[in-house]
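Data first, discussion second: the structure below is written as structure tokens.
Just so it is clear, none of the values below were taken in a lab; they were calculated from the coordinates. Every value quoted in this text rests on a predicted model; they were computed, and no experiment measured them. With ideal geometry, Cβ positions are generated from the backbone for all residues, glycine too; neighbour counts draw on all protein chains shown.
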């Protein structure tokens with residue numbers, strides 16, 4: 001029988017005396033190689049109870065066990081010539097004879113009757129079995145049961161509800177203010193997976209310091225850095241002038257964005273809008289004020305308070321990093337508060 005290169009590689013990977021790392025595409029024969037490997041171990045006289053196969057999913061464990069038992073059961077019914085051909089196709093390197101035929105035909109019964117059964121199981125069930133054998137060493141209750149995904153999600157929901165229903169300000173309120181993801185369950189699982197990062201709470205001062213902000217820095221501090229009392233009036237004058245321009249012009253489009261600023265004074269909530277109009281998004285100077293390039297030259301000449309607008313542009317530029325750092329600080333504090341209680 002002439003074997004293809006792929007078949008030869010499968011036979012090589014199934015050799016029970018070699019440590020093999022197998023990587024291949026779906027449907028290319030990985031499960032067959034594994035079942036071939038177990039079959040060759042059994043043919044070599046290894047007791048079924050001494051073989052351990054671990055998979056990631058229950059479906060994979062079931063598939064592998066079904067294939068193996070199907071093959072061993074088939075061997076009990078084959079004639080000698082056909083059975084020898086199948087054993088040879090496994091890559092057995094010794095000369096095959098009557099003893100091999102007899103052993104192959106008894107493997108099905110030996111596998112079925114093996115104490116504890118043939119061990120083809122998931123990593124999770126294997127680890128659970130180890131924990132049950134050594135509960136004192138693992139410091140777990142010997143009567144523990146594994147939680148399934150549905151029960152875990154229900155438990156997560158119950159914990160969140162208990163936190164949200166607490167008296168006064170809830171740590172979940174802070175998360176609800178900042179959370180923008182579509183799936184709260186994924187967020188909760190992420191906290192569980194990263195729980196070691198929340199062993200110690202740095203406190204508000206620690207978070208603010210880590211982000212380069214003075215202790216107690218807040219919206220009022222940011223507004224004081226960015227705005228002067230008459231800035232809103234200058235924005236109103238700029239807005240009115242921009243809205244007189246051609247509707248397809250960049251000046252007019254900037255005026256439309258400035259319409260989102262309600263007044264009667266500028267607040268830190270207006271900073272993202274001001275940044276979108278006053279600062280470069282891309283190019284050679286991203287994040288820097290459009291001094292000399294916004295609005296257009298003709299429009300700048302028409303605006304009496306252009307100097308004051310440019311001064312505001314520079315303050316918005318200088319305050320952008322503080323605004324972003326304050327946003328991250330608040331989100332981090334909310335996360336630490338919630339994670340600690342959760």
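Residues that are in contact (Cβ under 8 Å) with a residue 24 or more places away in the chain and crowded, with 16+ Cβ neighbours inside 10 Å within segment 97-113 comprise 100, 103, 104, 105, 107, 108, 111, listed in sequence order. Which of the residues belonging to segment 25-38 are over 14 Å from residue 12 (Cα atoms) and in contact with a helix residue (DSSP H, G or I) (Cβ under 7 Å, 6 or more places away or on another chain)? Correct list: 31 only. Of all residues in segment 54-64, those satisfying the criterion of being in contact with a helix residue (DSSP H, G or I) (Cβ under 9 Å, 6 or more places away or on another chain) and in a helix (DSSP H, G or I) are 58, 60, 61, 63, 64. Selection within segment 78-96: residues that are surrounded by fewer than 13 Cβ atoms within 10 Å (Cβ to Cβ) and in contact with a helix residue (DSSP H, G or I) (Cβ under 9 Å, 6 or more places away or on another chain). The member of this set that is nearest to residue 12 (Cα to Cα) is 94.
The set of residues from segment 186-208 being in contact with a helix residue (DSSP H, G or I) (Cβ under 6 Å, 6 or more places away or on another chain) and farther than 17 Å from residue 340 by Cβ comprises just one member, 208. Among residues of segment 130-151 that are in contact (Cβ under 8 Å) with a residue 60 or more places away in the chain, none has a Cβ under 7 angstrom from a residue that is surrounded by 12 or more Cβ atoms within 10 Å (Cβ to Cβ) and part of a loop (DSSP other than H, G, I, E, B) at a sequence gap of 6+ or on a separate chain.
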